[in-house]
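Beneath this line is the structure, given in C-alpha cells, with notes to follow.
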Amino acid sequence: MLYHIREAQRAVLKPLSSWADSVSQLYANPYSPLSYSPFANRVSASLELLHRLGKEYEKPEFNITETTVDGQVVSVVERIELALPFCRLIKFERLLPASLSAHAKVPSVLMFAPLSGHHATLLRDTVRAMLPDHNVYVTDWIDARMVPLSEGPFHLDDYVAYAIRFIRHLGPTVHLVSVCQPTVPVLAAVSVMAAMKDPHLPLSMTMMGGPIDTRRSPTEVNALAQRRNFTWFERNLIYRVPGRYPGAGRQVYPGFLQHAGFVAMNPDRHLNSHWDFYLDLVRGDMEDAEAHRRFYDEYNAVLDLPAEYYLDTIKTVFQNHALPLGQWDVRFDDRVFRVDPALIRNVGLFTIEGELDDISGSGQTQAAHDLCTGITKSWQKHLTVEGAGHYGIFSGRRWRERIYPEVRSFITSHEQRARKRAVRAD
C-alpha cells in the first residue's frame, strides 16, 4: 500500500514541480520583465529549490563520449555487450584511430557496480579515470520495477551466477573491480569458479569498500541489520510494484525507501547543502549551483531492488556473516557449492578502504585477505586511504590522484605476469 501512496504523492507533486520550474525561469531569464522585479533572484531561487525537491529523478546518463589516449582525444561509445533480464553488461568502446592501434591491447576491466539503490552511473568518475589505460565493461543493473514478473525472481545466488557468466564471457584475461556491495557476490563467484577449476578465472580482483566481514568496525548500516530481525525487514521494507510499471506485482525494496535511508544517515549535511544551493542561486554563483545539481541528480536517482536479492543479502551478509564464517552455500548450474575463497589460486587481490567510510567500516574489505589463503602473499595488496569516505574511494580527487594510480599499477603488474606465463607456455 505504501508504494501506491508514494505514486499518488508523485502524481500530486509532478505538476507543482513543473510549475515551480517554469515560474522560476520567468524570474531568472533576463528577457522576462519579472526578472527585474524586487527580490526576483530570491523568488527564482526558492522556486528552483521547490522544483528540485519535488521532481522525479530519472536514471542519469554516463555521458562519457571521449577520453584521452597517449595525448590524443578519442571518441567513446557505449555498447551493450550482453543483455540479461536484470542487468546489461556495457562496454565503453574507444574508437581508436590507426595511429593508436597498439593501445587496443590494453587490459580489460570488468567493473561490478553496486546493486544497492543507486544506478551504475554512480561509477562515472571511476570509469572515466580507467578508460585511457583499459578496455572497460560495467554491469548496468536494471530497475526491478521495469522487469516483468515472467522473468522470475532474482536472488543473491543469481547475482553470483550473473557474475560468473560475465567473467566467462570476457575470458581468462579480465581484471575485476567491485565497488561496495558486489565485493561479496564477486568473491563468491570467483570462489565457485575455483572450486569448479574453471579455466576462465580472472587475473586479478580489486575490491573497494565492501562488506566482506561486517563484524569488523560495524557501522550504523551494519548495526541496523543486527538490531532488527529478519521478519522486520520482510514486513516493513518489501512492497509490490504498482500496475503502471512493467514489473507490476513484483516484490521489491523500493528505491524511495532506500533514498529516505540514505538521507536519514546525514540529514544535517543534506539540509545544509540545499541551503547553500539556495544562497548560491541568490548570489549568482552558478558554478557551485551546477555542482549541486549534478550531485543530486545522481544521488536522488534510485532504483528498486528485487525483494529476494535484498532479503538474501540482509540474512547472508549482515546477519549470518556466512562468508567469513565459511557457511555460505551457493546454487549454480543445478549444483550447490560451499563458498571457499581459500580455493582461489593465481588471482591477484587488492583491497581498498576509506579511513572515514561510514558504510563499510575499517577492516571489512581487508578481511578478504584472511579468507583468500590460497593466494600467495606477494600477489596481495591493501590500501587504506586517509581522509576518504565511502564515495571518495571511487570518485573525486582522491580517487583520481591517489587511488587510481595504485589500481592501474596493480592491474598492470598482473597483466604482465600473465603475458610472461603465456610466453613461457608457448
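The values are calculated or read from the model by the stated rules, or taken from the named source; none is laboratory data. Please read all numbers here as calculations on a predicted model, not as lab measurements. Note that we place each Cβ from the backbone using ideal geometry, even for glycine, and neighbour counts take in every protein chain shown.
Once the range 39-66 is narrowed to residues that are under 21 Å from the mean Cα position of the chain (by Cα) and among the hydroxyl-bearing types (Ser, Thr, Tyr), the residue that is farthest from HIS119 (Cα to Cα) is THR65.
Restricting GLN251, GLN258 to residues that are crowded, with 17+ Cβ neighbours inside 10 Å, under 23 Å from ILE359 (Cβ atoms) and not aliphatic (A, V, I, L, M) narrows the list to GLN258.
Got at least one residue in the range 365-372 being without any contact (Cβ under 8 Å) to a residue 24 or more places away in the chain, over 17 Å from LEU187 (Cβ atoms) and either over 17 Å from the mean Cα position of the chain (by Cα) or not assigned by TED's automatic domain parsing to the domain that holds MET193 (or both)? Checked the range 365-372: no residue is without any contact (Cβ under 8 Å) to a residue 24 or more places away in the chain, over 17 Å from LEU187 (Cβ atoms) and either over 17 Å from the mean Cα position of the chain (by Cα) or not assigned by TED's automatic domain parsing to the domain that holds MET193 (or both). If only residues of the range 1-38 that are aromatic (Phe, Trp, Tyr) and over 28 Å from the mean Cα position of the chain (by Cα) are counted, the one that is surrounded by the most Cβ atoms within 10 Å (Cβ to Cβ) is TYR27. Within the range 233-256, residues that are within 20 Å of ASN300 (Cβ to Cβ) sit with their Cβ atoms under 6 Å from residues that are surrounded by 20 or more Cβ atoms within 10 Å (Cβ to Cβ) and of a type in the set (Asp, Glu), at 6+ positions apart or across chains, in these pairs: VAL252/ASP304; PRO254/ASP304; GLY255/ASP304. Of the helices (runs of 4 or more DSSP H) lying entirely inside the range 264-383, those containing at least 2 residues that are in contact with a Pro (Cβ under 7 Å, 6 or more places away or on another chain) and at negative phi span 286-299, 367-371.
Of all the numbered requirements in (1) under 29 Å from MET286 (Cβ atoms); (2) out of contact with any helix residue (DSSP H, G or I) (no Cβ under 8 Å at 6 or more places or on another chain); (3) in a helix (DSSP H, G or I), ASP21 misses one, and that requirement is (2). Evaluating THR373 against the criteria (1) at pLDDT below 95; (2) of a type in the set (Val, Ile, Thr); (3) exposed (fewer than 15 other Cβ atoms within 10 Å of the Cβ) leaves one unmet condition, (1).
The set of residues in the range 317-337 being surrounded by 13 or more Cβ atoms within 10 Å (Cβ to Cβ) and within 18 Å of ASP158 (Cβ to Cβ) consists of VAL317, ALA322, LEU323, TRP328, VAL330, ARG331, PHE332, PHE337. On inspection, ARG419 passes the criterion of being surrounded by fewer than 17 Cβ atoms within 10 Å (Cβ to Cβ) and out of contact with any strand residue (DSSP E or B) (no Cβ under 9 Å at 6 or more places or on another chain). Within the range 390-403, residues that are polar (S, T, N, Q) reach partners that are assigned to a helix (DSSP H, G or I) and surrounded by fewer than 20 Cβ atoms within 10 Å (Cβ to Cβ) with beta carbons closer than 7 Å, at six or more positions or on different chains, in the pairs SER395/ASP125. Filtering ASP280, ASP268 for residues that are more than 22 Å from HIS155 (Cα to Cα) and either surrounded by fewer than 17 Cβ atoms within 10 Å (Cβ to Cβ) or without any contact (Cβ under 8 Å) to a residue 12 or more places away in the chain (or both) leaves a single hit, ASP268. Answer with yes or no whether VAL76 is in contact (Cβ under 8 Å) with a residue 40 or more places away in the chain, within 20 Å of VAL174 (Cβ to Cβ) and in the same structural domain as GLU151 (by TED's automatic domain parsing). In short, yes.
Just one of GLU48, GLU93, GLU56 is farther than 30 Å from GLY284 by Cβ and either charged (D, E, K, R) or buried (at least 17 other Cβ atoms within 10 Å of the Cβ) (or both); which is it? Residue meeting the stated conditions: GLU93. Please go through the range 100-123 and give me each residue that is crowded, with 19+ Cβ neighbours inside 10 Å and in a helix (DSSP H, G or I), ordered by number. Scanning the range 100-123 gives ALA120, THR121, LEU122, LEU123. Does ARG335 fit the bill of being over 30 Å from SER46 (Cα atoms) and basic (Lys, Arg)? Yes. Please verify whether GLU401 is closer than 18 Å to LEU176 by Cβ, among the acidic types (Asp, Glu) and part of a helix (DSSP H, G or I), treating the condition exactly as stated. So GLU401 fails the test.
Which of the residues spanning the range 26-74 are assigned to a helix (DSSP H, G or I) and within 30 Å of ILE142 (Cβ to Cβ)?
Restricting attention to the range 26-74, the residues satisfying the condition of being assigned to a helix (DSSP H, G or I) are 26-28, 33-36, 40-54.
The answer is HIS51, ARG52, LEU53, GLY54.
Go through the range 142-172 and give me each residue that's over 28 Å from LYS197 (Cα atoms) and of a type outside the set (Gly, Ala, Ser). Correct list: ILE142, ASP143, ARG145, MET146, VAL147, PRO148, LEU149, GLU151, PRO153.
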